[in-house]
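Data block below; observations after.
Read-outs: derived from the displayed coordinates by stated rules, not from any lab. Just so you know, these numbers come straight off a predicted model, no measurement behind them. Note that we place each Cβ from the backbone using ideal geometry, even for glycine, and neighbour counts take in every protein chain shown.
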Amino acid sequence: MAWIALPTFLYSLQPLIFYTGLGHTSMTALNLMWDVMSDILVTASGLFYFKEKLSFKKYIGVAFAFVAIFLLSGDDEK
């Protein structure tokens, strides 16, 4: 049961990381990036830890997720 301390600690850092990120971008962009990065990490754990397979179309979807992070992380044009 002691193993649960590490994930609990890491999860408790989420509000601090999110709050710090607000100093760099808008809440809308930050929330979208947070959600997409979470999806990518869960997909990576499925691929590498659980040995799941993705179709070519789903790999394209993962590539689009990386493109979304790139587009959301840029400076806003005014």
Within region 19-33, residues surrounded by fewer than 14 Cβ atoms within 10 Å (Cβ to Cβ) and assigned to a helix (DSSP H, G or I) come out as 19, 20, 27, 28
So residue 16, is it assigned to a helix (DSSP H, G or I) and not aromatic (Phe, Trp, Tyr) | yes
Give the residues of region 32-59 that are of a type in the set (Val, Ile, Thr) and within 20 Å of residue 73 (Cα to Cα), sorted by residue number.
-> 36, 40
First in region 46-72 and assigned to a loop (DSSP other than H, G, I, E, B), second anywhere and hydroxyl-bearing (Ser, Thr, Tyr), Cβ under 8 Å, 6 or more apart = 54/43
Looking only at region 1-8, decide whether some residue is surrounded by 11 or more Cβ atoms within 10 Å (Cβ to Cβ) and among the hydrophobic types (A, V, I, L, M, F, W, C).
-> no
